Structures are given as C-alpha cells and as structure tokens.
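Engineer: Dropping a structure here in structure tokens format, bear with me for questions.
The values are calculated or read from the model by the stated rules, or taken from the named source; none is laboratory data. Here the structure is a predicted model, which means the values were calculated and not measured. For neighbour counting, all protein chains shown are included, and Cβ atoms are generated from backbone atoms with ideal geometry for every residue, glycine included. Note: accessible area is taken over every heavy atom of the protein model, side chains too, but ligands, DNA and RNA are not part of it. Shrake-Rupley method; radii C 1.70, N 1.55, O 1.52, S 1.80 Å.
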Amino acid sequence: MKRQILFILIILPLLTFAGQPGKIKLIVIPDTQNNANKYPEVFDSEFDWISANASDYDFVLHVGDVVESSSNATQWSFAKSNFNKLKGKIPYAFCMGNHDVSIRENTAENATADLRISTAANNAFKASDFEAFGGAYEEGKIDNTYHLFSAGGFDWLVLSIEFVPNDLVLNWANNVIEEHPDRLIIILTHSYMHYGSNTDACSRDSRVKGTSDWRKFTASYENQTPESMLNDGEMMWNKLVSKHKNIFAVFSGHILGSGTAKLVSFGENMNKVYQMMSNYQNQVREMNDEGKNGYIRLITIDPQSRTMDVRTWSPFLNQYHPNNIRHNFRFGGVDLNEY
C-alpha cells in the first residue's frame, strides 16, 4: 500500500506537467540588408548564434529586406548560405521587403519596388528550402507563402506576405486563414507599422498609411483594380488582420525613426492582435554605428503565466539592447486559448 501511494505521489506531478502547454519561443530577425551589403561578419554572427541555439527555439521569422540589392546574386547567395546553417535544426520563413524585389539601383526611386521582380530571390530559394512550407500564392515562387509548425501544445501557421501586397494577395491570405481555423496565425510582412506606436489602442497613425512613397506609382487611386491596388499597414488591418479570430501576431520591419513599435489591437472577433515592428539598421536614431549591431529579437510566449516576453539581443555585440522600454518588454494577459 505504501508503495502504491508513493507511486501515485511521484507520477501525478509528471502527468499534470505533461498535460500543460509549454513555452513557445520565436526568433525575429529585423532587416539585414546592410549586413548583406557591408557587414557580412554581422550577418554571419546572427545565424551562427541561431544555429548554435536552435534547439532552444521553435521558429525563425525574418521581417524582410534580406539583401540590399534585389538583383545582386552574390548577396542572395550569401544570405542562402546563412539560412542553410539552420537546415535540419529549426524551421524559418522570411517575407519579401522592398529591397528584395525590383530595386531601381542608383536612382532616387531605389526603394520603391514597384516592378515586383523577384527573380534573384527565387533563383536562390525554393519551396524545398523551407522545412515548414505549406503552400504559396504562386506556384514555384516564394514571394507569398505560408508555413506550418507546432509548439507549446498549439498548432501555428506563419503567413509570409510581400511588401505592400495587392488585393489579390490579400484575398489569397484570407482564404489560407479560413482553411486553417484551428491554427494560431502569425503574419510576417515587411511594411506594416510606423515607429512610435504604443499598446493603448488601435490608432490610424500607428500603421504605415497611404502617404508612403510607393503610392505615387498607383495613379488614379480611386480607379484601382485588385491587381494594382497596393495596401499599406492600415489597409492590411482592415482587409485581413482584423477579420479573423485566430490571428495572434504581426511582425514587420522597414521603418526607420526609432526603429521599433508595438501595438495591441482588438480584431472584429475581439481577439487581441500583438503587432511589433523592429529595425536596427543604419539611420535608426539609437544606432550610432551605422547599424553594425546585429540585434535580433527573442520572443517567449508562456501560456501558463499568460505572458509574452520580448528581448532584443545582439550575437555580434554579445549583449542585450540597453534600452528596456522599447526593446525589452513584456505583454501580460496573453491567453492562447482565446483564439
């Protein structure tokens, strides 16, 4: 009898622990364009660190602008060699930034990406390179994709959407989400939030709006077709992000200024959507080193404590970002069972 009681006392905590959801740990890589162009040692340090610590994390998300010049095959080859370090260790996804698609080099319009030519990126990466690959908007192209993984006792879907997508891409994204109602959705897109956003409310000034430079390439805005209508962050919120009860988070980059933003908004189904922007390249206010810092974001979602911790870490500098307001923070009241 004593042995039976002892066995029960030992095994009950184990069964309880096994039935509890675990932590979900993500790595978010901000724009690496300058590193691909000028600081390859910084690029290397980021991916070497991720490779060495891959077993501690569940998924890697790159917010776009992987390279500086979309047509530079050398830069794409270098980026591919670094992503290859993660093969067999941790799944990853990246979205296409403006510098990844059709840059008009050596002109004033070198960041407009209006032509949407992604030939070099698609020569370097194939669907088979993404271990969690679920599908694509266009067969044989990586411009808009989705990825499936499980972590912490939950099933997830990462939706990777190109820089300022048109209505047809957003329609595809809506359909993908509707086809996966039992998965938590993370949206990965390059240009979505503006710097200085906070978590108080859903403010129109908190997302990139129609005054962006690329809008000048959409003449006669009132008469746009689904193919030509380009969508900024606020339009993406209205047409996609706010529509679905299982959308959990949106990660983006692109914007300079303070290079960071965070916002919690309620979707139409009263689900909380956690939105974060991070960009640590040159011209960001706090970066005195031309962006030669290699900061990445380490995100831990804990269903038990209902928290999401965001830490900003530089493998190159071997330090956390010293600013604990915008770069190291915690969301409370994060309930994954509400989605």
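Engineer: Would you confirm whether any residue within segment 273-286 is out of contact with any Pro (no Cβ under 9 Å at 6 or more places or on another chain), at pLDDT 90 or above and farther than 22 Å from N98 by Cβ?
Structural biologist: Yes, because at least one residue in segment 273-286 is out of contact with any Pro (no Cβ under 9 Å at 6 or more places or on another chain), at pLDDT 90 or above and farther than 22 Å from N98 by Cβ.
Engineer: State the number of residues belonging to segment 66-99 that are polar (S, T, N, Q), open to solvent by 30 Å² or more (accessible area, probe 1.4 Å) and assigned to a loop (DSSP other than H, G, I, E, B).
Structural biologist: Residues flagged as polar (S, T, N, Q), open to solvent by 30 Å² or more (accessible area, probe 1.4 Å) and assigned to a loop (DSSP other than H, G, I, E, B) within segment 66-99 amount to 2.
Engineer: Considering segment 306-322 alone, what residues qualify as being open to solvent by less than 40 Å² (accessible area, probe 1.4 Å) and either under 20 Å from G294 (Cα atoms) or in contact with a helix residue (DSSP H, G or I) (Cβ under 7 Å, 6 or more places away or on another chain) (or both)?
Structural biologist: Passing the criteria: V310, T312, W313, S314, P315, H321.
Engineer: Please list, ordered by residue number, the strands (runs of 3 or more DSSP E) wholly in segment 228-339 having 3 or more residues that are within 30 Å of P40 (Cα to Cα).
Structural biologist: Details: elements: 247-252, 260-266, 272-278, 296-302, 307-314, 329-332.
So the answer is 247-252, 260-266, 272-278, 296-302, 307-314.
Engineer: Looking only at segment 293-304, decide whether some residue is farther than 28 Å from H99 by Cβ and over 21 Å from the mean Cα position of the chain (by Cα).
Structural biologist: Taking every residue of segment 293-304 in turn, at least one turns out to be farther than 28 Å from H99 by Cβ and over 21 Å from the mean Cα position of the chain (by Cα).
Engineer: Residues that are over 26 Å from G259 (Cβ atoms) and modelled with pLDDT of 95 or more, at least 3 per element: which strands (runs of 3 or more DSSP E) completely within segment 138-193 meet that?
Structural biologist: On the way: elements: 145-151, 154-161, 184-189.
Result: 145-151, 154-161.
Engineer: Go through (1) open to solvent by 70 Å² or more (accessible area, probe 1.4 Å); (2) more than 17 Å from the chain's Cα centre (by Cα); (3) among the charged types (D, E, K, R) for D167 and report which single condition fails.
Structural biologist: Looking at each condition in turn, D167 falls short on (1).
Engineer: Being within 26 Å of S51 (Cα to Cα) and buried (at least 24 other Cβ atoms within 10 Å of the Cβ), is that true of even one residue in segment 236-247?
Structural biologist: For segment 236-247, residues within 26 Å of S51 (Cα to Cα) and buried (at least 24 other Cβ atoms within 10 Å of the Cβ): absent.
Engineer: Please indicate, with yes or no, whether at least one residue in segment 34-46 is under 21 Å from the mean Cα position of the chain (by Cα) and either more than 27 Å from F163 (Cβ to Cβ) or modelled with pLDDT under 90 (or both).
Structural biologist: No, segment 34-46 contains no residue that is under 21 Å from the mean Cα position of the chain (by Cα) and either more than 27 Å from F163 (Cβ to Cβ) or modelled with pLDDT under 90 (or both).
Engineer: Also, quick follow-up: In this structure, is K80 in contact with a Phe, Trp or Tyr (Cβ under 9 Å, 6 or more places away or on another chain), modelled with pLDDT of 90 or more and under 18 Å from I142 (Cβ atoms)?
Structural biologist: yes
Engineer: If you don't mind, another one. Give me a count of the residues in segment 39-65 that are touching a residue at least 12 places away in the same chain (Cβ under 8 Å), open to solvent by 10 Å² or more (accessible area, probe 1.4 Å) and either more than 23 Å from I185 (Cβ to Cβ) or in a strand (DSSP E or B) (or both).
Structural biologist: Summing the residues that are touching a residue at least 12 places away in the same chain (Cβ under 8 Å), open to solvent by 10 Å² or more (accessible area, probe 1.4 Å) and either more than 23 Å from I185 (Cβ to Cβ) or in a strand (DSSP E or B) (or both) in segment 39-65 gives 10.
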